[in-house]
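Student: Can you keep this structure in mind? I'll have questions shortly.
The values are calculated or read from the model by the stated rules, or taken from the named source; none is laboratory data. The structure displayed is predicted, hence computed values, not measured ones. Here Cβ is always computed from backbone atoms with ideal geometry, including for glycine, and neighbour counts include all displayed protein chains.
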Amino acid sequence: MMVPNVGLTQFLVVSAIMFSLGIYGVITRKNAIMVLMGIELILNSANINFIAFTRFGLMNLTGQVVAIFVIILAAAEAAILLAIVLNIYQQLNTVNVDEVDKLKN
Amino acid sequence: MAQTIYESFGYVLPETMLSIFFVLTLLTALVGKKRSKYLPAYMALLGLVLAGIFVFRQIGVDELVFSGMYAVDPFSWFFKVIFLVTGVLIILFSLQSRELEAVSTKYPEYFSLILALTIGAFFMAGSSNLLMMYLSLELVSISSYILSGFTKENARADEASLKYVIYGAFSSGLMLYGISLIYGLTGETNLYAMNQALAVGSIPRITILLAVILMLVGLGYKISAVPFHFWTPDVYEGAPITVTAFLSVTSKAAGFAMLMRFFKIGFVDVTAVPAMAGMWAIFKGFNWTDIIAVLSVLTMTVGNLVAIWQSNMKRLLAYSSIAHAGYILMGFVTLTDQGMSAILLYFVAYLLMNLGAFYVVMLIANKYHTENVEDYRGLGYRSPYAAFALTVFLFSLTGIPPTFGFIGKFYLFSALISTNYIWLAIVGVINSVVSLYYYAKVVRYMYLVEPVEKSRVEFDFGSNLLMTLLVVPNIALMLYFTPILSWAQYSVTMFGLH
């Protein structure tokens, strides 16, 4: 069976879909953990871009290096967000971002 | 250009110093029970002072180090001085904060995070590579998420940090996607190489436009420009006052430094005559300055109009700081050296007046246990000196003549007028008039409304001294601002642009 030729375009489409889903998740989800998932999707879609551009663009290796940095940063950011959410849960007994609205608008 | 990594280290001594003291400050937690409660603060102060010595040895250095990752030039030098001064003042404020006193066992973490944020701001001011920009932005962001929720038994602070981290992570994620697109289009993450690749002109316009707009989301969030400002009022209100003051100056100045470097280095046609208006020739037929101008008008108008309705002092100052981001963006629209030096001058003024205002608000919150504007009634009788100081800072924020804020605004407007952005200057002046309303409202409560209680409330000697230290330059620099001005004019030089 012929393997279809997977090129840069396919990767970019996948990453664009992930990016859009990430934005959709951040905007629509009420649960702080799900919002974090959305943010992770955005970061990983950028990572796919970086690696795909490096692989298919016949360019330098910078993109792959960037991706490694981003993976580490995503972990740091997730750790901070989870710590803050945990703290919110202890104080207010909820992880629903819509219910955390004591500061007036 | 410093070639090797080993040579490059000679240029990042201030950052190295701060990093060492970041660790040392954290380690003071391990010193036995008999240590002074303030040991971490002294350690952090020492770190800032030593870093300051190394920064002062870098006067006039104009180098690109770590193979194009980081620029040490007069432009970043100017911002480094601003960050150091802010850091020192914030540590001094923090020592007197009642909110932080409640969590004094966690002082080592608090002061080391202040150093971490300062390191991040240093790197933001100097980064000339997209990866470096993203990393330093995240260093500043992550430190500030923790700082804004530092008093974690306080539900308001928790809410502030949750909102901050969600907005911040989201915006920096969008920015990262923008960076990935730019990398794909130009094959480079270095700003100078990116500029050259863009100058060739075979890059699809729509995609680069999308990428730069995504970048602008991340940068706009950092400088709290409208429409990326939604986190600002909540975070500024919920966070401890010292942290709010710190974010409003260091984080915003770092964001502006990065914004200016990104656009100046990345998109300005280096072959064009610098004095000419069409410096953005890389985007032919598309006027970038108009986008920034619209952003600036929106930012200052929304900031000022919403500030009118605020009754919480921190929230009022939050909207006022949004409005100030708008004023500063106005200077960026001109893209000329004059506009840039006006921005730098404005940052000196902004540092003095904004930190001063937050300091007095903190002192009042310590003694009167309130942040409400209405509770400031009769402050002029009860604590005359604090009321006087706050009046000076608020008038300086408005930009009324006997204060340094006036000079800052004056140079911004004159830069606009000399580049024929008269309409923008008019909008700016109208906005200043609007802002007078809410600043003067506070002053009215302090002097013209009878207090409920008449007892005098005095502050200790240290607080009065620190207030004086901030009041005096606010007035004295109005009378003699030449050194600051020439320093600002000298500091517009970025590496590679002369």
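Student: Checking B:G184 against (1) within 21 Å of B:G68 (Cβ to Cβ); (2) in contact with an Asp or Glu (Cβ under 9 Å, 6 or more places away or on another chain): exactly one of these is not met. Which one?
Tutor: (2)
Student: Return the residues of segment A:73-105 that are more than 17 Å from the chain's Cα centre (by Cα), without any contact (Cβ under 8 Å) to a residue 60 or more places away in the chain and more than 9 Å from every other protein chain (Cβ to nearest Cβ); say none if nothing qualifies. First the steps, then the outcome.
Tutor: Narrowing segment A:73-105 to residues more than 17 Å from the chain's Cα centre (by Cα): A:83-105.
Now restrict to residues that are without any contact (Cβ under 8 Å) to a residue 60 or more places away in the chain: A:83-94, A:99-105.
Once the filter is applied, which keeps residues that are more than 17 Å from the chain's Cα centre (by Cα), without any contact (Cβ under 8 Å) to a residue 60 or more places away in the chain and more than 9 Å from every other protein chain (Cβ to nearest Cβ), segment A:73-105 yields A:L86, A:Y89, A:N93, A:T94, A:E99.
Student: Now for a separate question. Counting only residues that are among the aromatic types (F, W, Y), touching a residue at least 40 places away in the same chain (Cβ under 8 Å) and facing chain A (nearest Cβ under 9 Å), how many does segment B:152-198 have?
Tutor: So the first thing to find is which residues in segment B:152-198 are among the aromatic types (F, W, Y), and the list is B:164, B:167, B:170, B:177, B:183, B:192.
Retained after the next criterion (residues that are touching a residue at least 40 places away in the same chain (Cβ under 8 Å)): B:164, B:167, B:183, B:192.
Imposing the further condition that a residue be facing chain A (nearest Cβ under 9 Å) reduces the set to B:164, B:183.
Residues flagged as among the aromatic types (F, W, Y), touching a residue at least 40 places away in the same chain (Cβ under 8 Å) and facing chain A (nearest Cβ under 9 Å) within segment B:152-198 amount to 2.
Student: Please tell me if B:K222 is away from chain A (no Cβ under 14 Å), closer than 18 Å to B:I146 by Cβ, within 25 Å of the chain's Cα centre (by Cα) and not hydroxyl-bearing (S, T, Y). Don't jump to the end; show me each part of the working.
Tutor: Working: away from chain A (no Cβ under 14 Å): yes; closer than 18 Å to B:I146 by Cβ: yes; within 25 Å of the chain's Cα centre (by Cα): yes; not hydroxyl-bearing (S, T, Y): yes.
Yes, satisfied.
Student: Scan segment B:354-390 residue by residue and report those that are touching a strand residue (DSSP E or B) at 6+ places or on another chain (Cβ under 8 Å) and of a type in the set (D, E).
Tutor: Pass one, segment B:354-390, residues touching a strand residue (DSSP E or B) at 6+ places or on another chain (Cβ under 8 Å): B:371-373.
Passing the criteria: only B:E371.
Student: Can you name the residue in segment A:12-29 that is more than 10 Å from every other protein chain (Cβ to nearest Cβ) and polar (S, T, N, Q) and is also surrounded by the most Cβ atoms within 10 Å (Cβ to Cβ) among such residues?
Tutor: Taking the candidates together, the pick is A:S20.
For (1) touching a helix residue (DSSP H, G or I) at 6+ places or on another chain (Cβ under 7 Å); (2) aliphatic (A, V, I, L, M); (3) without any contact (Cβ under 8 Å) to a residue 40 or more places away in the chain, each residue gets a yes or a no:
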{"site": "B:I343", "(1), (2), (3)": "yes, yes, no"}
{"site": "B:A349", "(1), (2), (3)": "yes, yes, no"}
{"site": "B:V361", "(1), (2), (3)": "yes, yes, no"}
{"site": "B:E374", "(1), (2), (3)": "yes, no, no"}
{"site": "B:A389", "(1), (2), (3)": "yes, yes, no"}
{"site": "B:T398", "(1), (2), (3)": "yes, no, no"}
{"site": "B:S418", "(1), (2), (3)": "yes, no, no"}
{"site": "B:W423", "(1), (2), (3)": "no, no, yes"}
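Student: Among the residues in segment A:33-56, are any surrounded by fewer than 18 Cβ atoms within 10 Å (Cβ to Cβ), of a type in the set (F, W, Y) and in a helix (DSSP H, G or I)?
Tutor: There is at least one residue in segment A:33-56 that is surrounded by fewer than 18 Cβ atoms within 10 Å (Cβ to Cβ), of a type in the set (F, W, Y) and in a helix (DSSP H, G or I).
Student: Another question, if that's okay. The conditions are (1) among the hydroxyl-bearing types (S, T, Y); (2) farther than 16 Å from B:L174 by Cα; (3) surrounded by 13 or more Cβ atoms within 10 Å (Cβ to Cβ), and A:T9 fails exactly one of them. Which is it?
Tutor: Unmet condition: (3).
Student: How about segment B:117-136: which of its residues are under 26 Å from B:S463 (Cα atoms) and surrounded by fewer than 24 Cβ atoms within 10 Å (Cβ to Cβ)?
Tutor: Filtering segment B:117-136 down to residues under 26 Å from B:S463 (Cα atoms) leaves B:117-118.
Within segment B:117-136, no residue meets the criteria.
Student: Could you look through segment B:227-279, keep only residues that are outside any helix (DSSP H, G or I) and buried (at least 24 other Cβ atoms within 10 Å of the Cβ), and pick out the one that is modelled with the lowest pLDDT? Talk me through it step by step, then tell me what you get.
Tutor: Filtering segment B:227-279 down to residues outside any helix (DSSP H, G or I) leaves B:227-230, B:239-240, B:268-279.
Okay, now just the ones that are also buried (at least 24 other Cβ atoms within 10 Å of the Cβ), so B:229, B:239-240.
Values: B:H229: 91, B:A239: 94, B:P240: 94.
Ranking the candidates gives B:H229 first.
Student: Working carefully through the options A:A46, A:A32, find the one that is within 17 Å of B:G184 (Cα to Cα) and facing another protein chain (nearest Cβ under 9 Å).
Tutor: On the way: A:A32 fails: within 17 Å of B:G184 (Cα to Cα).
So the residue among A:A46, A:A32 that is within 17 Å of B:G184 (Cα to Cα) and facing another protein chain (nearest Cβ under 9 Å) is A:A46.
Student: I'm told A:V70 meets every condition in (1) at the interface with chain B (Cβ under 9 Å from one of its Cβ atoms); (2) over 29 Å from A:L12 (Cα atoms) except one. Can you identify the failing condition by its number?
Tutor: Every condition holds for A:V70 apart from (2).
Student: Can you tell me which residue among B:V427, B:V472, B:V443, B:V392 is loosely packed, with under 15 Cβ neighbours inside 10 Å and either part of a helix (DSSP H, G or I) or more than 21 Å from the chain's Cα centre (by Cα) (or both)?
Tutor: Working: B:V427 fails: loosely packed, with under 15 Cβ neighbours inside 10 Å; B:V443 fails: loosely packed, with under 15 Cβ neighbours inside 10 Å; B:V392 fails: loosely packed, with under 15 Cβ neighbours inside 10 Å.
Answer to the selection: B:V472.
Student: What pairs can you find where one residue is in segment A:49-72 and within 12 Å of B:G187 (Cα to Cα) and touching a residue at least 40 places away in the same chain (Cβ under 8 Å), the other is among the acidic types (D, E) and part of a loop (DSSP other than H, G, I, E, B), and their Cβ atoms are less than 9 Å apart, with a gap of 6+ or different chains?
Tutor: Matching pairs, first to second residue: none at all.
Student: Then there's this: Which one of B:T105, B:T86 is assigned to a helix (DSSP H, G or I) and free of Cβ contacts under 8 Å to residues at least 60 places away in the same chain?
Tutor: On the way: B:T86 fails: free of Cβ contacts under 8 Å to residues at least 60 places away in the same chain.
Answer to the check: B:T105.
Student: Hey, another quick one. Would you mind finding the one in B:L485, B:L397 that is out of contact with any strand residue (DSSP E or B) (no Cβ under 8 Å at 6 or more places or on another chain), surrounded by 22 or more Cβ atoms within 10 Å (Cβ to Cβ) and at negative phi? Explain how you work it out, then say what you get.
Tutor: Details: B:L485 fails: surrounded by 22 or more Cβ atoms within 10 Å (Cβ to Cβ).
Just one listed residue meets the conditions, B:L397.
Student: Here's another thing I want to ask about it. For segment B:28-57, how many residues are part of a helix (DSSP H, G or I), loosely packed, with under 14 Cβ neighbours inside 10 Å and of a type outside the set (V, I, T)?
Tutor: The total comes to 2.
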